[in-house]
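Down below is the structure, laid out as structure tokens.
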Ligand code: SF4
């Protein structure tokens, strides 16, 4: 999930569940077959409810929201409703159409969060399962910038792209991204099915993540990580996204999660008994709970400061 340092309560609205990528790390599982896109009337109702509950930031997501036939109408309605920040979180492929980016900006989108998972087509297209997707998303990032939108990219960290993270950071800076985020793969859905060859160890990714962050920091970009606890982030604590993710309400396919932060901390993430000794115990959420089920807790060394 992409983040922004903002005090605005955020509404995360999933508008559809289909996608034109077949990512090997996708957490959505069977949702793409199980649920049709929400219709405009339902989305408008959810937008009104989200605003009434205090939401002023909006993330339109899915599945792939840019495939929703009514996306421009959804954005216009959200703007009219009063949302002050409107983000489209996407695999980025549809942004290859420059006029589509301009239409989104004119309708009220303020920022976009495309996903790039490698610095080359070889790495990215393998991970997305979609030949040609690297070229389209990379072109899309440049088009979004030309349309005047803030661009905050997301990268899912897996074994195949771990060593590529510094090169990817250089590419993102060159394409003009305002912010990039490296998120540790969540071992659900397709990622769980591919766990044996897909999931890296956190101690292994640490130096590559830090080298990638250094690239962004040197260029003055905002750089963040997600689902990497503080015991792997010494010296980069200010990059830990969980510290600043705003309060978020999610309108999913068949449920509404009132407070995703509480849900994430109480149900999604986990800490070990030894974490109680850690200087970051109160601030840290721990890893997604599936990670220690796969690799145990040996790598997690409680911090003394
Ligand atoms: S609380 Fe546990 S998981 Fe978090 S930084 Fe400390 S040792 Fe690591």
Screening 250, 245 for residues that are in contact with a helix residue (DSSP H, G or I) (Cβ under 6 Å, 6 or more places away or on another chain) and either under 30 Å from residue 35 (Cβ atoms) or exposed (fewer than 13 other Cβ atoms within 10 Å of the Cβ) (or both) leaves only 250
Do we have any residue at all in the range 247-260 that's touching a residue at least 24 places away in the same chain (Cβ under 8 Å) and under 18 Å from residue 185 (Cβ atoms)?
no
> Has the range 294-302 got at least one residue that is more than 8 Å from the ligand (Cβ to nearest atom) and in a helix (DSSP H, G or I)?
Replying inline: yes
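Would you tally the residues in the range 278-293 being within 7 Å of the ligand (Cβ to nearest atom), more than 17 Å from residue 200 (Cβ to Cβ) and under 23 Å from the mean Cα position of the chain (by Cα)?
Of the residues in the range 278-293, the ones within 7 Å of the ligand (Cβ to nearest atom) are 278, 280-281, 284, 286-287.
Now drop any that are not more than 17 Å from residue 200 (Cβ to Cβ), which leaves 278, 280-281, 284, 286.
Going one step further and asking which of them are under 23 Å from the mean Cα position of the chain (by Cα), we end up with 284, 286.
Of the residues in that region, 2 qualify.
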Can you find a residue that is touching a helix residue (DSSP H, G or I) at 6+ places or on another chain (Cβ under 8 Å) and at pLDDT 95 or above anywhere in the range 27-35?
no
Across the range 135-163, the tally of residues that are under 22 Å from residue 199 (Cβ atoms) and either buried (at least 23 other Cβ atoms within 10 Å of the Cβ) or touching a strand residue (DSSP E or B) at 6+ places or on another chain (Cβ under 6 Å) (or both) stands at 7
Of the residues in the range 265-274, those that are part of a helix (DSSP H, G or I) and either within 9 Å of the ligand (Cβ to nearest atom) or surrounded by 12 or more Cβ atoms within 10 Å (Cβ to Cβ) (or both) number 3
Residue hits (the range 243-260; farther than 24 Å from residue 213 by Cα and either assigned to a loop (DSSP other than H, G, I, E, B) or within 16 Å of the ligand (Cβ to nearest atom) (or both)) are 247, 252, 253, 254, 255, 258, 259
Inside the range 72-96, the number of residues satisfying the requirement of being part of a helix (DSSP H, G or I), under 20 Å from the mean Cα position of the chain (by Cα) and crowded, with 24+ Cβ neighbours inside 10 Å is 3
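Yes/no matrix, rows are residues, columns are (1) more than 11 Å from the ligand (Cβ to nearest atom); (2) crowded, with 18+ Cβ neighbours inside 10 Å:
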{"position": "232", "(1), (2)": "no, yes"}
{"position": "238", "(1), (2)": "yes, no"}
{"position": "241", "(1), (2)": "yes, yes"}
{"position": "263", "(1), (2)": "yes, no"}
{"position": "276", "(1), (2)": "no, no"}
**Prompt:** So is residue 220 assigned to a helix (DSSP H, G or I), more than 14 Å from the ligand (Cβ to nearest atom), modelled with pLDDT of 95 or more and farther than 20 Å from residue 188 by Cβ or not?
**Reply:** no
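The values are calculated or read from the model by the stated rules, or taken from the named source; none is laboratory data. Everything numeric in this text was worked out from a predicted model, so none of it was measured. When we count neighbours, we look across all protein chains shown, and the Cβ atoms used for this are built from the backbone with ideal geometry, even at glycine.
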